[in-house]
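> This is the structure, below, for whatever I ask next.
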């Protein structure tokens, strides 16, 4: 393989030395550095999670869309035990990602063990272009260990109506 | 030509969708979350979430699709070695066929990019027969590109017919088919194929650019034998687009080929009105006096050569200035926000030596190096974010520890208040009174609960302390890793920047050398015009 060596007067103190840049060596170095930073980034993400959302109390709420032709999602408001914990206004880009199978993490939080009532209020445009607001709820029995809840919007073609489901993601 | 073909191939690597593209098919929320970011082109968050989720074993069901997505995300960051390792791990029988097919495709792409053509073809043949149209087309196109790189244009043309992929990818297939036909000696078929790209209006900028390239390719193929048809193709190249000056230059040469020297002056004089930093314009500055001398207008030709020498010398000086601007770091300032996967270039006035660097900027090698530079910059910003976060985490940690120490005496007081011994004494007293079995069982349950509660309370402060100790260690370790990687990242960033600058300087230097050669050529031609020795034979002719 042809190797291109470029003479490189580096900036600052290193400029005095007659260093050269081998693009292939630099490429390998950059690849290794990126891997290292990605791994560090992963570990820091996990550290943040452990610190802010310990496993025993952790609850994550995700939003998914199945087909989604009968309802154009505009926003979701999530309350837990009558306290608003998350609201999200969806952009076209985000809706497109949901339609393609992406899942949005609406909320990550802490709840003590015991029963909690989760209520999701969906607003958007329903069948025939009309404004549409629906609420769905779930009583979550929070035990030890992280728990995941899904807010799912699906089309019920038989009734030509959207369906809103709140359930534990298993 | 190879550059153009490779570029399309490179784009196709990035555009391939993950195996599960249907909504409702995601089994693991964490994989769906990565997809959510991936579909919004936020590759960094997609990869971070994926890696974190995998570390916690949160993707048990979609693991194969997740690995495929991780491999393609790593590929988008230029991490070819680890991406390849991921794709290779997906070639086993326990992986769903649709994931395995994509893994083979990615491996073929990687081999192609590395110039390992046989390996690329072998990987393509391992793909199954039941492919979705998108992947079927990509395999077809890549197979043809491999054959063209191997010089087998006839087989490449056969491989592209009939088109089996998505309709939106067909123009690229048609373009490559036209080239393959021309190169394999089927000039008319190839030209006809390329001309079909002119039939429908180009809906996107990329489609219009592809059409320009097709018309230029037609003109190049026909210039020698059929200059009139070549000229027709060149007329279809949009006049104020990047390929327009090449088209005008080619149109003039087509006239020269047909010995219509006067007609050649029309497109070339148009070129002389355009900025001289374009190589096609520079060539026109020499071509005009050449044609004038062919037309026998010696004085006009001499004047045109003098004007060319002045113009080219001034341009040489401007290249020197552009090289100085690159040395001052202005190139990377202009390129910092450029999408290396896209077609567009920064505004010409923002880029030192703009026209000369167009080809370099479009090259895969430069774009890849630019992407590395941008990746390193964004990773550096990410590390700065974490450094600030870590300060906050330390404060939070300190506050948690203080709260724990404050709560512990209260906990111990509650523990004392439980006073299980007193309940045991009551039990003994109750036993002497021969209680009912139910009453005794209830008391025993209460006692057991008390014991468990006591144990939990006794354990709780120690467990909390151990958790806080562990987090403190992790915070300290993360800080050490940050301290360690940040200077190396900065150094790599500086070297990457220098590499890009040096490539631009090489390009500009080569262009300056070419200009100097053109100036020498003009001086020589000017001297020849007035060389008495050159005229003497004509005067002696009876």
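> Please compute the Cα-Cα pair-distance distribution of region B:364-529 with 5 Å bins starting at 0, giving whole percents from short to long.
Reading the bins upward from 0: 1, 6, 9, 8, 7, 7, 6, 6, 6, 5, 5, 5, 4, 4, 4, 3, 3, 2, 2, 2, 1, 1, 1, 1, 1, 0, 0, 0.
> Still on this structure, I have one more. Sort out for me the Cα centre separation of region B:215-291 from region B:434-488, rounded to whole Å.
Rounded to whole Å, the Cα centres lie 81 Å apart.
> Using alpha carbons only, how many degrees (0 to 90, rounded to 10) separate the axis of helix B:80-89 from the longest principal axis of chain B?
So the inclination is approximately 60 degrees.
> Mind computing the radius of gyration and Dmax over the alpha-carbon atoms of chain B? Å is fine for both.
35.9, 154
> With labels modelled as points extended 7 Å from the Cα through the Cβ direction, what inter-label distance (nm, one decimal) is found for residue A:156 paired with residue B:25?
Those two pseudo-labels are separated by 2.6 nm.
> In Å and whole numbers, how far do the C-alpha atoms of region B:81-193 stretch along each principal axis, longest first?
49, 27, 18
> Moving on. Please state the equivalent ellipsoid semi-axes for region B:147-242: what are the square roots of 5 times the Cα gyration tensor eigenvalues, largest first, in whole Å?
21, 18, 10
> Next question. Exposure proxy check: A:128, B:43 ranked by fewest other beta carbons within 10 Å?
With the sparsest Cβ surroundings first, the list reads A:128, B:43.
> Continuing with the same structure: Assuming 1.567 mPa s and 4 °C, estimate D for the protein assembly as shown with Stokes-Einstein, Rh taken as the Kirkwood radius over Cα pairs, in µm²/s. Each step should come with its number before you reach the end.
Working: Rh = 31.3 Å.
Answer from the Stokes-Einstein relation: 41 µm²/s.
> Report the per residue volume, in Å³, of the convex hull enclosing the C-alpha atoms of region B:202-281.
Per residue, the Cα convex hull of region B:202-281 comes to 79 Å³.
> Which FRET efficiency value, to the nearest 0.05, is calculated for residue B:337 and residue A:28 with the Förster distance at 30 angstrom and r the Cβ-Cβ distance?
FRET efficiency, residue B:337 to residue A:28: 0.65.
> Here's another thing I want to ask about it. Would you mind computing, in nm to one decimal, how far apart the modelled labels at residue B:410 and residue B:433 are, each placed 7 Å from Cα along Cα→Cβ?
Each label point lies 7 Å from its Cα, and together they span 3.6 nm.
> In degrees, nearest 10, range 0 to 90: what is the angle between the Cα axis of helix B:170-183 and the longest Cα principal axis of chain B?
Helix B:170-183 sits at roughly 40 degrees to that axis.
> Relative to the longest principal axis of the C-alpha atoms of chain B, give the angle of the C-alpha long axis of helix B:97-113, reported between 0 and 90° and rounded to the nearest 10°.
The angle comes out near 40 degrees.
> Given N residues in region B:245-341, what is Rg(Cα) / (2.2 N^0.38 Å)?
On the way: Rg = 17.0 Å, N = 97, 2.2 N^0.38 = 12.5 Å.
The reported ratio for this selection is 1.36.
> What is the ratio of the Cα radius of gyration of region A:58-168 to 2.2 N^0.38 Å, with N the residue count, to two decimals?
1.06
> Moving on to the next point. PRE reach from residue B:199 (point 7 Å along Cα→Cβ): which of region B:141-167 fall under 16 Å by backbone N?
Label zone hits: B:161-164, B:167.
> Which FRET efficiency, nearest 0.05, do residue B:516 and residue A:39 yield, Cβ-Cβ r, R0 51 Å? Could the numbers behind the result be given before it?
Numbers: r = 51 Å, r/R0 = 0.99.
Efficiency at R0 = 51 Å is approximately 0.50.
> According to the Cα gyration tensor, what semi-axes, each the square root of 5 times an eigenvalue, does the equivalent ellipsoid of region B:31-123 have, listed from largest to smallest in whole Å?
Over the Cα atoms of region B:31-123, the ellipsoid semi-axes are 23, 15, 10 Å.
> Within region A:133-170, list the residues whose amide N lies under 19 Å from a label point set 7 Å along Cα→Cβ of residue A:69.
A:153-164
Read-outs throughout are calculated quantities, based only on the coordinates presented, and are distinct from any laboratory measurement. What you see is a predicted model, and the numbers here were worked out from it, not measured in a lab. Positions of Cβ are generated from backbone atoms using ideal geometry, with glycine treated the same way; all protein chains shown enter the neighbour counts.
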